[in-house]
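What follows draws every value from the coordinates through simple rules; no lab data is involved. Everything numeric in this text was worked out from a predicted model, so none of it was measured. Note that each Cβ is placed from the backbone with ideal geometry, even for glycine, and that neighbours are counted across all protein chains shown.
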Amino acid sequence: MPPHRLIIETQRLRLRAWREHDRNAFAALNADPDVSRDLGGPLGRNASDAKLDRYIGAFNRLGFCRWAVETRAGDFLGYAGVMPVGATHPLGEHHDIGWRLTRAAWGHGYATEAAGAALEDVFSRAGLTEVLSYTAADNLRSRAVMARLNLSRDASRDFTVHDERLGPWHGLVWVARPR
């Protein structure tokens, strides 16, 4: 099946390839100060479009990425999924899982449901054997998702990067492997 035709369905959600008409909803997600707080603040439209282009490119090359997440009724909730990370990252080449949901979607278990489905997909269909997840120590919401996903904490891989928007950022690392 061509990658753009792949859809992952869970009990309440649909993870699907990005469509051109998703750009406005994606830009609104990235412009929300609450949603983007741990990223150093809101993204402008050009930066948001470039980010979406990276997701689309990864999906076209690999058949997975940060999927668009919506309800079964088609309401946009945000994204969740796995992306490749290059050799210039402090951890070297790897794959990481991430998620970002609209403020209205917080607190409903959607991030755990969507991220769990994305992990299952890359382990079963794409054959990955390890996926990393990282966040700042104060991002308790993401840490709670990692705990609900049963990821293993690996403090030996914690790292610091110097981000132009965030300054020094300390990443705490968790690991997912197939079950």
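Relative contact order for region 22-72 using alpha-carbon pairs under 8 Å, separation at least 6, rounded to a whole percent?
Working: 31 pairs, mean separation 13.3, N = 51.
Taking the mean separation of contacting Cα pairs over the length of region 22-72, I get 26 percent.
Computed from phi, the 3J(HN,Hα) profile of region 85-97 under the Karplus parametrisation 6.51, -1.76, 1.60 (θ = phi - 60°) reads 10, x, 5, 6, 5, x, 8, x, 5, 6, 10, 10, 9 Hz, with x in place of Gly and Pro. Its Cα centre serving as origin, region 12-176 has a Cβ charge dipole (Lys and Arg +1, Asp and Glu -1) of approximately 360 debye. Per-residue 3J(HN,Hα) values for region 74-80, derived from phi via the Karplus relation 6.51 cos²θ - 1.76 cosθ + 1.60 with θ = phi - 60°, read x, 7, 5, 10, x, 8, 7 Hz in sequence order (x marks Gly and Pro).
The label point for His162 and the one for Leu140, both projected 7 Å from the Cα toward the Cβ, are 3.2 nm apart. Looking at region 51-122, the GluC sites (Glu not before Pro) that sit in a DSSP loop and have at most 15 other Cβ atoms within 10 Å of their own Cβ are Glu93. Short-range pairs are left out: with C-alpha atoms under 8 Å and at least six residues apart, the relative contact order of the chain is 18 percent. Segment His21..Ala50, full-extension length gain: 9.0 nm, with 0.36 nm per residue of separation and the alpha-carbon distance subtracted. Rounded to whole Å, the principal axis extents of the Cα atoms in the chain read 40, 37, 31, largest first. In this structure the amide hydrogen of Arg12, modeled in the peptide plane, comes within under 5 Å of no amide hydrogen from residues 5 or more places off or on another chain.
In whole angstrom, region 1-103 maps to an equivalent ellipsoid with semi-axes of 20, 19, 13, each derived as √(5λ) from the alpha carbon gyration tensor and ordered largest first.
Dividing the Cα radius of gyration of region 43-100 by 2.2 N^0.38 Å, with N the residue count, gives 1.23. Normalising by residue count, region 88-174 has a Cα convex hull of 113 Å³ per residue.
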